[in-house]
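None of the figures in this text is laboratory data; all of them are computed from the coordinates on show. This structure is a prediction, so every number in the text was calculated from the model and none was measured. No Cβ is skipped: glycine too gets one built from the backbone with ideal geometry, and neighbour counts run over all protein chains shown.
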């Protein structure tokens with residue numbers, strides 16, 4: 001980083017920085033206080049990935065100002081649960097910002113990102129689960145992972161899954177996204193020898209209780225090797241999958 005502690009101290013010693021400016025830069029190494037948000041500048045050093053902007057509940061102006069600051073840090077930027085209005089504000093700052101309407105993500109590629117040599121598969125039970133699945137896929141790609149997408153292979157037509165098993169089995173980690181009764185991760189978990197990260201979605205009729213039925217079904221999976229994240233949490237599933245995929 002440009003404001004690495006050694007560089008700051010060297011600049012003070014060489015008379016480039018006075019003590020007051022050095023103190024301000026040292027404080028900003030940890031986080032930047034924007035008044036309505038504190039941007040965690042040390043997250044890449046601690047976790048190997050930059051802070052991600054969760055847009056839901058934020059105003060367009062707040063998202064724009066967070067991204068404006070993050071652009072000064074020369075890092076990749078990912079904003080999740082974003083709207084088209086938020087994207088318009090961001091693209092005015094940075095012309096190469098990209099908006100994925102299905103994933104509801106804004107992405108800006110700036111910093112260098114190490115790419116894993118092994119793959120993550122994102123498997124979707126139904127087309128209605130695509131927003132959560134694409135959030136997972138885009139996040140995994142931004143974290144430096146090759147991603148294979150397998151769409152609409154839920155248990156209502158289980159034969160569709162068998163034709164995609166070759167793609168799924170070559171992955172190091174498998175993310176399985178499903179709503180309704182949430183059965184697909186158990187099926188996949190019984191067919192592959194890789195970690196399966198199950199993502200319940202809020203897709204379904206009344207008794208699905210906004211994804212609770214799928215969540216409980218996945219937590220009660222009889223297949224070994226299935227872990228579960230929260231309802232609609234494609235981002236969280238991708239972070240876990242990426243951590244596994246980058247292990248030596």
_Estimated inter-spin distance, residue 156 and residue 69, nm [label 7 Å along Cα→Cβ]_ = 4.5 nm
*Would you mind calculating the relative contact order of segment 94-153 from Cα pairs under 8 angstrom and at least 6 residues apart, reporting the percent as a whole number?*
39 percent
*Using Cα pairs under 8 angstrom and six or more residues apart, how large is the relative contact order of the chain, in percent?*
13 percent
*asked:* Over segment 182-248, what is the relative contact order in percent, taking alpha-carbon pairs closer than 8 angstrom and at least six residues apart?
replied: 36 percent
*Classify segment 39-146 as rounded, prolate or oblate, taking a ≥ b ≥ c as the square roots of the eigenvalues of its Cα gyration tensor: rounded when a/c is under 1.5, otherwise prolate if a/b is larger than b/c and oblate if not.*
oblate
*Evaluate the distance, in nm, between pseudo-label points positioned 7 Å from the Cα of residue 27 and of residue 7 along their respective Cα→Cβ axes.*
2.1 nm
*Have a look at 177, 147, 91 and tell me which one the Gaussian network model of the chain (Cα, springs below 10 Å) gives the largest fluctuation.*
91
*Given the options 181, 88, 134, which has the most mean-square fluctuation in a GNM of the chain, springs set between C-alpha atoms less than 10 angstrom apart?*
88
*How many angstrom separate the Cα center of segment 24-74 from the Cα center of segment 191-248?*
28 Å
_If I compute percent of Cα pairs over 21 Å apart from the structure I just sent, which labelled value in (1) 61; (2) 58; (3) 67 lines up?_
(1)
_With a 10 Å cut-off between alpha carbons and a GNM built on the chain, which of 21, 74, 100 moves the most?_
21
